[in-house]
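The numbers here are math on the coordinates, done by the rules we state, and not lab data. Values in this document were obtained by computation on a predicted structure and should not be read as measured data. Virtual Cβ from ideal backbone geometry, glycine too; neighbours counted across all protein chains shown.
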Amino acid sequence: MIIKQLVYLDALARERHFRRAAEACNISQPTLSAAISQLESELGVMIVKRGRRFIGLTEEGELVVAHARRILADTQSLKESLSELRFGLRGTLRLGAIPTALPLIAHITAPFSRRFPAVKLVVLSLTSQDIQSRIDNFELDVGLTYLDNEPLSGVTPKPVYHEAYVALFREDDPAAGNTHIAWAEIAKRDLCLLTPDMQNRRIIDGIFRSVGCAPTPSIETNSIFNLCTHAAIPGITSIVSRQLVDFFGLPAGVTSARLVDPEATRTIGLIMTDRDPAPPHARALFSMTHFMPAVVGPIQ
C-alpha cells in the first residue's frame, strides 16, 4: 500500500466519478482504476461496487476510505509539523463558520494572520452539520460553531463567546421604544427567521417551545443579512444574534429589543478534530483564541 493509492481512493470517494477523480489527481483514468484495483488486491476486499460506471463503495470500501482519510490527514500533519520546525508555520488553514458567527470571525483570524503571515486563510460559511461533517472527513482544520445545543462528536472544543438574541422591527412599529420584549409576545408576530437547516433556527424554535409557542414564520432565509433587511418591511419582525447588531449596527429605519423570558444564550466556540498530536494550524489558532466575555468593538 502506498500513499498515492489512498489519495486516488479519497478523490474517487469525493468525486464519485472515475474521470473526475482522475482529473482531480492529474492522472489518467486507467492509472486511477489500476491503483484502486491494486489496493483491493493488497487488502483482500472489494472497495468499489463494480459496474460500467461508478455505482458506489462497498461496506468494506467505506471503512477503507475512513481509514485512508485519517492516514492522509496524519501524513499532511506530519509534513506541516516538520515544515514548522524548519521554516515556521505556513501552508493553508481551512476554517468553517456558522453564518451567525461570521460578524466576529475577523476578531479570530486577524491576530492569527498577523502572527503567521505565511499561512493562507480559507474561511467558509457553513451550517453546523456541514462543519461537523467536514471536520470528520478532514476537509476542515477548524470550525466555529455552536458547542452546547446539538451533540458534537470526535472534536476538541474551545468556547469563544455567548450568543444572545434580539428582535428587529421598524421604528414606526407599536413596539418601538421598548428595550426588551418577551419571546411569547414575539411569537404572535409575522416573523422572518433562518431556514430550518440552520442550527440557529432550531435553537429559536426550541426557545419558543419552552414558552409554549410554535409560530410559523412568514419569511425564511438562509442569509443573516436578509434577516436584518426584512425587518424594514411593515409588520415583519426578525430575530438575530445581538452580536450581529452590535457589530454591524441596525439598518435604516429599524430598531431592536432584547428578547427576555427567558434570556436565552448559546455558546459558540472553535472545534478541531480530536487527534494527538493536534494539527499545527489548528493548534496555533486554538492557542491564540481567547474567550470574549463581552461584545467586541473594532478589530485591533
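Here are a few things to note about the model shown:
- Fewest-first ordering of Ile108, Ile131, Ile55, Ile27 by other beta carbons within 10 Å of each residue's beta carbon gives Ile55, Ile27, Ile108, Ile131.
- Residues in segment 65-102 reached by a label modelled at Phe225 [backbone nitrogen below 17 Å; 7 Å Cα→Cβ]: 97-102
- All alpha carbon pair distances within segment 165-260 were sorted into 5 Å bins beginning at 0; the resulting P(r) in whole percents reads 3, 15, 28, 29, 19, 6, 1.
- Computed from Cα positions, the angle between helix 3-15 and the longest principal axis of the chain comes to roughly 40 degrees.
- This ranking places Cys213, Cys192 by how few other beta-carbon atoms lie within 10 Å of each, fewest first, which gives Cys213, Cys192.
- Full-stretch length increase - Ala184, Thr58 - with 0.36 nm per residue and alpha-carbon distance subtracted: 40.3 nm
- Taking the centroid of alpha carbons for each part, segment 104-181 and segment 228-290 are 6 Å apart.
- Of all DSSP beta bridges in the chain, antiparallel share, percent nearest 5: 55
- Added length on full extension, which subtracts the Cα-Cα distance from 0.36 nm per residue, Ser113 to Glu263: 50.5 nm
- Axis of helix 29-43 versus longest Cα principal axis of the chain: the two differ by about 80°, to the nearest ten degrees.
- Model label points for Leu124 and Val211, set 7 angstrom from Cα along the Cα-to-Cβ axis, are 3.6 nm apart.
- In sequence order, calculated HN-Hα J values of segment 122-133 (Karplus, 6.51, -1.76, 1.60; Hz; x Gly/Pro): 10, 10, 10, 8, 9, 6, 4, 5, 5, 4, 4, 4
- Each residue, Glu15 and Met292, gets one label point 7 Å from its Cα in the Cβ direction; the gap between the two is 4.0 nm.
- Given their separation in residues at 0.36 nm each and the Cα-Cα distance between them, His67 and Ala34 gain 9.9 nm when the chain is fully extended.
- The share of Cα pairs per 5 Å bin across segment 141-300, counted from zero up to the longest distance, runs 2, 8, 17, 19, 18, 13, 10, 6, 4, 2, 0, 0 percent.
- Local net charge near Cys25, Cβ-Cβ under 14 Å (Lys/Arg +1, Asp/Glu -1): +1
- Across all directions, the average flat footprint of the convex hull enclosing the Cα atoms of segment 86-206 is 10.0 nm².
- Straight-line reach from Lys4: taking Cα to Cα under 28 Å and skipping same-chain neighbours fewer than 8 places apart, the lysines in range are Lys49, Lys79, Lys120.
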